[in-house]
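Colleague: Would you mind keeping the following structure in view while I ask a few things?
The values are calculated or read from the model by the stated rules, or taken from the named source; none is laboratory data. Remember, predicted model here, so these are calculated numbers, not experimental data. Cβ coordinates were reconstructed from backbone atoms using ideal geometry, including for glycine residues, and neighbour counts include every protein chain displayed.
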Amino acid sequence: MVAVLAGGTGGAKLAAGFYDLLGPGELTVIANTGDDVEIHGVHVSPDPDLVTYWLAGMIDERGWGIRGDTWTAMESAGDDAWFRLGDRDLELCRIRTELMRAGRRQTEAHAAVVDACGVRAGVVPMSDEPVRTHVKSRGDWLEFQRFMIVERAAAPIEGVEFRGVEAAKPAPEALAAIAAADAIVIGPSNPIISIGPILAVPGMREALSAARAPVLAVSPFVGGRAVKGPSDAFMEQAGYEHSAAGVAHIYDGVVDAIVCDERPEDLPVPALSTDTLMDGAAGRRRLADETLGFASSLGASASARDR
């Protein structure tokens with residue numbers, strides 16, 4: 001049983017590697033919902049959907065959305081045209097939205113999306129309560145999607161807030177997955193805006209710290225830079241190096257080990273140095289397999305969280 005914390009492309013790709021290795025029901029991905037947005041009359045949950053599409057083998061070559069989707073609905077999007085959803089993507093969002101409006105928890109509603117995509121793994125929102133990431137830039141607070149899409153993540157970053165997180169709690173299915181796991185992996189996602197909201201949910205860090213399984217983080221940085229996205233800028237704004245050392249500091253008290261492409265000498269936890277680029281399905285499976293092997297080697301040793 002493997003639990004993966006993920007948000008964005010890196011975490012989704014590694015989750016797909018685990019999905020190829022494991023049997024049905026042996027993987028649960030706990031996904032960031034800080035990026036969620038209500039638009040086009042539906043509740044869009046980009047990170048849980050991204051993970052689901054990767055696991056289903058549906059992901060478009062752009063790295064988001066569904067391969068071969070059509071765009072008829074967007075022809076009448078009006079002022080919301082800045083946020084584009086393909087027709088099939090929109091229909092899957094509508095499944096989630098209708099269930100949530102009928103009183104179902106977001107976790108239950110997204111499970112219907114997972115089923116509709118034929119995925120035999122859990123993809124669990126971090127919380128059923130709304131948490132929304134906002135980025136401060138040029139003195140104004142922007143919703144995360146507007147920062148990423150309208151500003152193209154190029155505007156200066158002056159602060160980050162996870163609004164609503166104080167009133168949130170981990171989804172019960174997320175806590176159950178952490179408790180049952182034989183290995184827990186924090187994917188190579190942006191530590192500030194993809195994993196940060198998950199860890200900020202009250203009770204999530206405590207659940208990870210108390211887990212019987214080893215907790216490993218896979219660094220999103222290769223050669224000292226992020227493979228994709230604005231991770232470098234967010235790390236710099238928060239005062240962390242974009243390196244395995246910076247990742248270890250952010251996840252202090254949570255992780256037992258780091259998987260990275262570097263050969264660091266002064267990390268506070270054990271490290272596996274390996275090629276963390278995931279070229280194609282074979283690359284995703286290789287990194288997942290190496291991470292599981294490293295986790296197994298840690299299982300018999302004292303937890304770094306207890307030292």
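Colleague: Which condition does A207 not pass, out of (1) under 19 Å from D256 (Cα atoms); (2) outside any helix (DSSP H, G or I); (3) without any contact (Cβ under 8 Å) to a residue 60 or more places away in the chain; (4) not acidic (D, E), if it passes all the others?
Modeller: (2)
Colleague: Please verify whether S137 is assigned by TED's automatic domain parsing to the domain that holds A15 and either of a type outside the set (V, I, T) or closer than 30 Å to A238 by Cα (or both), treating the condition exactly as stated.
Modeller: no
Colleague: Restricting the stretch 148-193 to residues that are part of a loop (DSSP other than H, G, I, E, B) and of a type in the set (K, R), which is modelled with the lowest pLDDT?
Modeller: Step one: list which residues in the stretch 148-193 are part of a loop (DSSP other than H, G, I, E, B), which gives 151-158, 164, 168-169, 171, 181-182, 187-193.
Subset that is of a type in the set (K, R): 152, 169.
On the way: R152: 90, K169: 98.
Of everything passing the filter in the stretch 148-193, R152 is modelled with the lowest pLDDT.
Colleague: With within 30 Å of D232 (Cβ to Cβ), of a type outside the set (D, E, K, R) and modelled with pLDDT of 95 or more as the only criterion, which of V51, V113 stands out?
Modeller: Details: V113 fails: within 30 Å of D232 (Cβ to Cβ).
After ruling out the rest, the residue left standing is V51.
Colleague: How do the pairs read when you match residues in the stretch 86-110 that are assigned by TED's automatic domain parsing to the domain that holds I30 with residues anywhere that are buried (at least 18 other Cβ atoms within 10 Å of the Cβ) and among the acidic types (D, E), using Cβ under 8 Å and keeping only pairs 6 or more apart or on different chains?
Modeller: Taking only residues 6 or more apart or on different chains, the pairs are D89/D49; L92/D49; C93/D49; R105/D128; Q106/D128; T107/D128; T107/E173.
Colleague: Select from the stretch 191-244 the residues that are buried (at least 22 other Cβ atoms within 10 Å of the Cβ) and in contact with a Lys or Arg (Cβ under 8 Å, 6 or more places away or on another chain) and write down the one among them that is farthest from P264 (Cα to Cα).
Modeller: V201
Colleague: Just to verify a result, which residue in the stretch 61-97, among those that are charged (D, E, K, R) and touching a helix residue (DSSP H, G or I) at 6+ places or on another chain (Cβ under 8 Å), is farthest from Y19 (Cα to Cα)?
Modeller: R84
Colleague: Within the stretch 265-277, count every residue that is surrounded by 17 or more Cβ atoms within 10 Å (Cβ to Cβ) and more than 16 Å from V185 (Cα to Cα).
Modeller: Residues meeting the conditions: 1.
Colleague: Sticking with this one: Consider W64 against the criteria (1) surrounded by 20 or more Cβ atoms within 10 Å (Cβ to Cβ); (2) of a type in the set (A, V, I, L, M, F, W, C); (3) within 21 Å of G283 (Cα to Cα); (4) under 14 Å from the mean Cα position of the chain (by Cα): it satisfies all of them except one. Which criterion is unmet?
Modeller: Of everything listed in (1) surrounded by 20 or more Cβ atoms within 10 Å (Cβ to Cβ); (2) of a type in the set (A, V, I, L, M, F, W, C); (3) within 21 Å of G283 (Cα to Cα); (4) under 14 Å from the mean Cα position of the chain (by Cα), W64 misses just condition (1).
Colleague: Right, here's the next one. Could you grab me the full set of residues in the stretch 35-54 that are touching a strand residue (DSSP E or B) at 6+ places or on another chain (Cβ under 7 Å) and among the hydrophobic types (A, V, I, L, M, F, W, C)?
Modeller: The answer is V37, V44, V51.
Colleague: While we're on this one: Could you please give the count of residues in the stretch 1-26 that are of a type in the set (A, V, I, L, M) and under 17 Å from T276 (Cβ atoms)? Walk me through how you get there before you give the answer.
Modeller: Of the residues in the stretch 1-26, the ones of a type in the set (A, V, I, L, M) are 1-6, 12, 14-16, 21-22.
Filter once more, so that each one left must be under 17 Å from T276 (Cβ atoms): 4-6, 12, 14-16, 21.
Total meeting the criteria: 8.
Colleague: Where in the stretch 214-304 are the helices (runs of 4 or more DSSP H), entirely inside, with at least 2 residues that are free of Cβ contacts under 8 Å to residues at least 60 places away in the same chain and over 18 Å from the mean Cα position of the chain (by Cα)?
Modeller: 244-250, 280-299
Colleague: Something else now. Any idea which of (1) over 21 Å from D49 (Cα atoms); (2) surrounded by 20 or more Cβ atoms within 10 Å (Cβ to Cβ) is the one F162 doesn't satisfy?
Modeller: Only one criterion in (1) over 21 Å from D49 (Cα atoms); (2) surrounded by 20 or more Cβ atoms within 10 Å (Cβ to Cβ) is unmet by F162, namely (1).
Colleague: Yes or no: the stretch 101-113 includes at least one residue that is on the phi > 0 side of the Ramachandran plot and either in contact with a Gly (Cβ under 6 Å, 6 or more places away or on another chain) or surrounded by fewer than 18 Cβ atoms within 10 Å (Cβ to Cβ) (or both).
Modeller: Yes; the residues of the stretch 101-113 include at least one that is on the phi > 0 side of the Ramachandran plot and either in contact with a Gly (Cβ under 6 Å, 6 or more places away or on another chain) or surrounded by fewer than 18 Cβ atoms within 10 Å (Cβ to Cβ) (or both).
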